[in-house]
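A.B. asks: Handing you this structure, nothing more for now.
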Amino acid sequence: MLSLISCEGGITFAVSGNEITMRHATLLSITEGKGYTAAEIRNPWDSTKVLHRYVLVPKDGEIPDALPEGDIVRTPVSRMLCYVAVHASLFNELGSVDAIGAVGDGEYMSIPRLQERIKEGKVLDCGTSKAVEVEKIIDFSPDAVIISAMEDNNSYAKLLNVGIPVIECADYMETGPLQRAEWMRFYGLLTGKGKEADSIFATIEKEYDGLKEKVRNLPSRPTVLDGKRINTTWYVAGSESTVGRMIADAGGKYVFDDEKSSGAVPYSPETVLDKGAEADIWMLKYYSDRPLSYDDLARDWEGYTRLKAFKNHRTYMVNLQTSDFYMSTPFHPERLLREYVNIFHPGVLTENVENTYYKEVVR
């Protein structure tokens with residue numbers, strides 16, 4: 001039995017029940033009570049506060065008399081408004097894509113079943129997350145709105161006032177690959193697919209840890225540079241970010257491992273060039289209707305040609321126009337780690353060695 005005491009906005013309240021152990025996630029805790037499940041999301045911008053508490057109550061039961069403070073969500077959610085492509089992709093994997101009754105930013109959700117339902121008029125288009133159509137949403141009356149958590153975001157206050165639960169998804173603020181992926185256990189509970197989500201995550205965790213173990217004691221660790229110049233800035237992922245941690249987990253040595261940040265830090269391209277000149281491997285993302293070549297890179301910026309990884313043709317790219325990278329890898333970090341291992345340590349893996357996301361730059 002667990003009793004959690006929290007203080008939010010001067011109000012003290014308790015959640016009593018059996019805690020569902022989160023093995024990796026740091027911003028999410030889940031507790032099973034009598035007739036409900038409470039999911040508490042910590043504020044990523046102020047760890048002393050709670051961002052939201054959601055009290056999940058099954059639709060086929062009565063609302064218990066004694067509930068903890070929080071937004072009540074009747075589950076399984078079957079008429080949601082989803083604004084985030086990566087979550088739509090996860091719901092599709094869980095077999096809950098038909099629970100999406102409305103979308104925002106729907107053009108980014110490249111899910112055939114969902115796009116078919118949008119065209120047939122079975123899924124309402126609610127515009128974009130940057131131009132929230134509050135009255136349209138209220139008329140639709142979803143049983144939950146799935147959005148990305150944003151600091152000081154009051155756009156959805158009116159929805160809360162009329163009793164529409166707004167699920168602020170803070171999974172993207174986690175600083176490790178398995179930390180974020182474990183949030184699928186919460187999203188599974190929302191849609192009545194808790195057991196399925198637990199099973200999928202257990203498989204992901206096992207494969208990820210197995211890949212880490214394969215390279216843990218290898219004698220060589222290639223040095224790795226990540227990213228590219230954008231105008232006059234090169235945004236460097238900190239060593240505590242998902243990128244930094246995955247490079248280490250895949251048996252690489254990150255050029256910026258002394259940048260102790262969990263986000264992206266702006267550097268001048270010249271500074272990055274000086275520090276990463278001798279990196280063995282360079283990995284980057286771009287957006288184009290065709291594969292990237294070394295000639296393209298040289299035309300974009302002459303400085304790239306001075307990189308060892310450029311000269312030795314050990315540069316790897318993800319084309320974000322043709323890849324579902326950002327839809328599929330956040331909740332499947334094991335897929336991305338496998339590609340990192342393939343690139344850093346060729347020959348270590350003997351199966352599934354064809355990369356889906358990262359391809360060699362064209363010579």
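A.B. asks: Can you tell me the length gained on complete extension of the stretch Glu213 to Met150, counting 0.36 nm per residue apart and subtracting the Cα distance? Write out the running numbers ahead of the final one.
C.D. replies: On the way: separation 63, 0.36 × 63 = 22.68 nm, distance 3.58 nm.
Length difference between fully extended and current span is 19.1 nm.
A.B. asks: If you don't mind, another one. Excluding residues on the same chain fewer than 8 positions from Lys59, give the aspartates and glutamates whose Cα lies under 18 Å from its Cα.
C.D. replies: Counting by Cα, and skipping residues close in sequence, Lys59 has these aspartates and glutamates nearby: Glu32, Asp71, Asp98, Asp143.
A.B. asks: At 222 nm, what helix-only mean residue ellipticity would the chain give, in deg cm²/dmol to the nearest 500, using -39500 (n - 2.57) for each DSSP H run of four or more?
C.D. replies: Values: 13 runs with 106 residues, N = 363.
Rounded to the nearest 500, the figure is -8000 deg cm²/dmol.
A.B. asks: Using a Gaussian network model of the chain whose springs link C-alpha atoms within less than 10 Å, name the residue from Leu284, Leu218, Leu292 with the highest mean-square fluctuation.
C.D. replies: Among Leu284, Leu218, Leu292, the largest mean-square fluctuation in the Gaussian network model of the chain belongs to Leu218.
A.B. asks: For the stretch 48-137, give me the percentage of DSSP beta bridges that are antiparallel, rounded to the nearest 5 percent.
C.D. replies: Numbers: 2 of 12 bridges.
Roughly 15 percent of the DSSP beta bridges within the stretch 48-137 come out antiparallel.
A.B. asks: Pairs of Cα atoms under 8 Å, at least six residues apart: use those to get the relative contact order of the chain, whole percent. Walk me through the numbers on the way to the answer.
C.D. replies: Working: 673 pairs, mean separation 43.0, N = 363.
It rounds to 12 percent for the chain.
A.B. asks: In addition: For the pair Tyr287 and Leu349, how long in nm is the line joining their label points, each one 7 Å along Cα→Cβ?
C.D. replies: Distance between label points: 2.7 nm.
A.B. asks: Let me ask another. Considering only protein heavy atoms and a probe of 1.4 Å, how much of the accessible area of the chain is carbon and sulfur, as a whole percent?
C.D. replies: Values: 8320 of 17270 Å².
So the carbon and sulfur contribution to the accessible surface is 48 percent.
A.B. asks: Under a point spin-label approximation (7 Å from Cα along Cα-to-Cβ), what is the Glu302-Ala131 distance to one decimal in nm?
C.D. replies: Here the modelled spin labels are 4.4 nm apart.
A.B. asks: Shifting gears a bit: Using r as the Cβ-Cβ distance of Asp274 and Lys359, and R0 as 35 Å, what FRET efficiency do you calculate, to the nearest 0.05? List each step's numbers first, then the result.
C.D. replies: Values: r = 27 Å, r/R0 = 0.78.
It comes out at approximately 0.80.
A.B. asks: Compute, for the stretch 254-363, the length of the dipole vector about the Cα centre, with Cβ point charges of +1 (Lys, Arg) and -1 (Asp, Glu) only. Units Debye, rounded to 20.
C.D. replies: With only Lys, Arg, Asp and Glu charged at Cβ, the dipole is about 140 debye.
A.B. asks: Rounded to the nearest 5, what % of the DSSP beta bridges within the stretch 205-298 are antiparallel ones?
C.D. replies: Numbers: 6 of 11 bridges.
So the antiparallel bridges in the stretch 205-298 amount to around 55 percent.
A.B. asks: Now, a different point. Where Rh denotes the Kirkwood radius from the mean inverse Cα pair distance, what is Rg over Rh for the stretch 69-209? Show your work: numbers first, answer last.
C.D. replies: Values: Rg = 14.9 Å, Rh = 15.5 Å.
The Rg/Rh ratio comes out at 0.96.
A.B. asks: Using a 7 Å offset from the Cα along the Cα-to-Cβ direction at both Thr48 and Asn18, what is the distance between the two label points in nm, to one decimal?
C.D. replies: With each label point 7 Å from Cα toward Cβ, the separation is 3.5 nm.
A.B. asks: State which entries of Lys285/Lys359; Lys214/Lys253; Lys206/Lys253; Lys285/Lys308 exceed 20 angstrom in Cα-Cα distance in the structure shown. Numbers along the way, then the final one.
C.D. replies: Values: Lys285/Lys359 10 Å; Lys214/Lys253 16 Å; Lys206/Lys253 23 Å; Lys285/Lys308 18 Å.
In this structure, Lys206/Lys253 lie more than 20 Å apart at Cα.
A.B. asks: In Å², and per residue, what accessible area does the chain have when probed at 1.4 Å with the other protein chains present? Display every interim value, and only then the final one.
C.D. replies: Details: 17270 Å² over 363 residues.
It amounts to 48 Å² per residue over the chain.
A.B. asks: Given a Förster radius of 35 Å and the C-beta distance between Tyr108 and Lys260 as r, what FRET efficiency does 1/(1 + (r/R0)^6) yield to the nearest 0.05? Please report the intermediate quantities before stating the final value.
C.D. replies: Numbers: r = 32 Å, r/R0 = 0.92.
Approximately 0.60, to the nearest 0.05.
A.B. asks: Out of Arg245, Arg306, Arg53, any idea which swings most in a Gaussian network model of the chain, alpha carbons joined below 10 Å?
C.D. replies: Fluctuation is largest for Arg306.
A.B. asks: Let me ask you something else. What is the extension gain from Tyr235 to Lys206, computed as 0.36 nm multiplied by their sequence separation minus the C-alpha to C-alpha distance, in nm to one decimal?
C.D. replies: On the way: separation 29, 0.36 × 29 = 10.44 nm, distance 3.17 nm.
Net length gain for the segment: 7.3 nm.
A.B. asks: Report the calculated FRET efficiency for Lys59 and Gln321 (r = Cβ-Cβ distance, R0 = 35 Å), to the nearest 0.05. Let's see the in-between values first.
C.D. replies: Values: r = 41 Å, r/R0 = 1.16.
Rounded to the nearest 0.05, the efficiency is 0.30.
A.B. asks: Still on this model: Accessible area, 1.4 Å probe, largest first: how do His24, His87 sort?
C.D. replies: Values: His24 45, His87 5 Å².
My answer, sorted largest first, is His24, His87.
The values are calculated or read from the model by the stated rules, or taken from the named source; none is laboratory data. What you are looking at is a predicted structure, and each value in this text was computed from that prediction instead of being measured. Cβ sites come from the backbone with ideal geometry, for glycine too, and all protein chains shown count toward neighbours. We work out accessible area using only protein heavy atoms, side chains counted, and drop any ligands, DNA or RNA first. Shrake-Rupley method; radii C 1.70, N 1.55, O 1.52, S 1.80 Å.
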